[in-house]
Each structure stands twice: as C-alpha cells, then as structure tokens.
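Got a structure here, written out as structure tokens. Questions coming.
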Amino acid sequence: MAPPDRVPTEAEIALAPAARVRLLTDRIGAEAVARWASDLMTAGCAPDDPDLPSILWLGGHHAAELMTRHQLTDPVHVHWTRVWAARAVQHSWSPTATDAVGVALADPAWRVREMAAKVARRHEIGQLADALATLCADPIARVRSAAVAALGVVGEGEHVAAVRTALVDPETAVAVSAERALAQLSQRLDRRLDP
C-alpha cells in the first residue's frame, strides 16, 4: 500500500490537514486512505509501520515533533494517531470506515470521540446515531456538543430525548448545539419538536 514517496516533503508537511489528506488521497486513493485510517483508529496497525504511508501525512508538524522526541507511541500521546486518523476519514471518506468511526466514538480519549462525532455528522452516518445519543452525556463538553450536532443530521425520533436533555446543558456551546439540532431534527423528521 505504501507509495514510492511514502514520506511527505517539508512543504507537504506544512500544508493544512485537509490539504495533506487530499494530496495523499490523490496519490493512493480514498479507499486506501480510509482503510489505513480505520486501522489506525482501531489499533489494527502501528503509526510507524514502514510498509504504510508515513503518519506525517495525517499529523503534519505535530507528528514530526512527537517522532523527533520518540513519543509517537508514548501512552500520553498515542491518542493523537487516532485523532489524525479520524480527521483523515473526515476529509477522505469511504463507507468502509464506518465501523472504525463507531469504535472511535467509544475511544477513551475525548479528542478521538469528538472527531468521530464530527465525522458521523459530516458523512451522515445514521447507523451511529445510538452511539451519538450516548455521547450527549459525555463528561467532556466538546464531545457532547459534537454528538448533539451530529444527531441533528443523523438522529431519528428516538434520539430527540437526548437532544432535549442537552438544551439545559451547563455549557452554553452544548445548549446552542442542541437548539440547532432540535430545529434540524424537526425539519428532517417533518414534525414539530418543541424544546
């Protein structure tokens, strides 16, 4: 799977994450990027596997810094690989990544859960709605906000209660996301959903 130019150039590393992923997708294809990212999200491969593209494609300068300090697989920092992988499928989607995104929604690292919720929203992954509803009670406000926002796009009638609960969240950002999500659900489900 690894392309001949496995490691990005300095100029490519400096690109924004979406641009790096698009460039890698152009070189190896969306399916290959999604498969690799899925394996990274589910610990199906190592971030430093020499037979796979360099993690620098996904993590850029942050990954380079961790590699330089030999901390890429350190327990304190290893979650970043899963964050970058989830972000990669946000920008280079294939339905084959659906199961991995579902796994990421239950990740112990909150940044991974947040990014997975954003992926579910962007790619309208309806089969993950139940998991997203559970995340509406996550201890981290950013995760709750992302989950509620995703339910506005993929939720069904049975998920309205979770969104309503978020209307009174102590974090303003979560409550605002819930208001928007409830309006989206009302429009999508074609019925009035009062708060």
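Ignoring solvent entirely, what values of log10 I(q)/I(0) come out of the Debye formula for the chain at 0.10, 0.16 Å⁻¹ when each Cα is a single scatterer?
-0.43, -0.93
Related question: Nothing charged except the Cβ atoms of Lys and Arg (+1) and of Asp and Glu (-1): what's the magnitude of the dipole of the chain about its Cα centre? Round to the nearest 20 debye.
The dipole of the chain has a size of about 420 debye.
Continuing with the same structure: Give me Rg/Rg_expected for region 1-85, where Rg uses Cα atoms only and Rg_expected = 2.2 N^0.38 Å with N residues.
Working: Rg = 11.7 Å, N = 85, 2.2 N^0.38 = 11.9 Å.
Output field value: 0.98.
Let me ask something additional. In Å², and per residue, what accessible area does region 1-111 have when probed at 1.4 Å with the other protein chains present?
46
Still on this structure, please answer the following. Report Rg (one decimal) and Dmax (nearest whole number) for region 69-118, counting Cα atoms only, units Å.
Rg then Dmax for region 69-118, in Å: 11.1, 35.
When a/c is below 1.5 the answer is rounded, else prolate if a/b is larger than b/c, else oblate, so apply that to region 23-65 with a ≥ b ≥ c taken from the square roots of the Cα gyration tensor eigenvalues.
oblate
Here's another thing I want to ask about it. Sort the following peptides by mean Cβ neighbour count (other Cβ atoms within 10 Å, averaged over residues), highest first: 159-169, 37-47, 82-92, 10-20.
Values: 159-169: 18.5, 37-47: 20.3, 82-92: 25.8, 10-20: 13.9.
The most tightly packed comes first, giving 82-92, 37-47, 159-169, 10-20.
Another one. What is the distance in Å between the Cα centres of region 1-53 and region 103-146?
What the calculation gives is 23 Å, centre to centre.
The values are calculated or read from the model by the stated rules, or taken from the named source; none is laboratory data. Computed from a predicted structure; not experimentally measured. Quick reminder, even Gly has a Cβ in these numbers, built from the backbone with ideal geometry, and neighbours come from all protein chains shown. Surface accessibility is based on the protein's heavy atoms, side chains included, excluding ligands, DNA and RNA. Shrake-Rupley method; radii C 1.70, N 1.55, O 1.52, S 1.80 Å.
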